[in-house]
Amino acid sequence: MAKKGTPKNGKNKAKHSKLLKRKKDKLRSEKEARALKLKEIIKAAQSKE
């Protein structure tokens, strides 16, 4: 039979998944920002030629 009451590691798992989600979102946004900067640099270099 399953135990009744609160899950053993419910809070820790929720906190850990929240932190991992935050970390992945940060990495994704940094990657997108880097791509935009590179596009701007390439456009500037092409317009100078």
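The numbers here are math on the coordinates, done by the rules we state, and not lab data. Only a predicted model underlies this, so the values are computations on that prediction, with no experimental measurement involved. Note that we place each Cβ from the backbone using ideal geometry, even for glycine, and neighbour counts take in every protein chain shown.
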Subject >> Tilt relative to the chain, helix 10-48 - C-alpha long axis, 0 to 90 degrees, to 10 >> reply: 0
**OP:** State the three equivalent ellipsoid semi-axes of the chain, derived from the C-alpha gyration tensor as the square roots of 5 times its eigenvalues, in descending order and whole Å.
**Re:** 48, 6, 4
Subject >> Spin-label model distance (nm) - K4 vs A33, 7 Å beyond Cα toward Cβ >> reply: 5.1
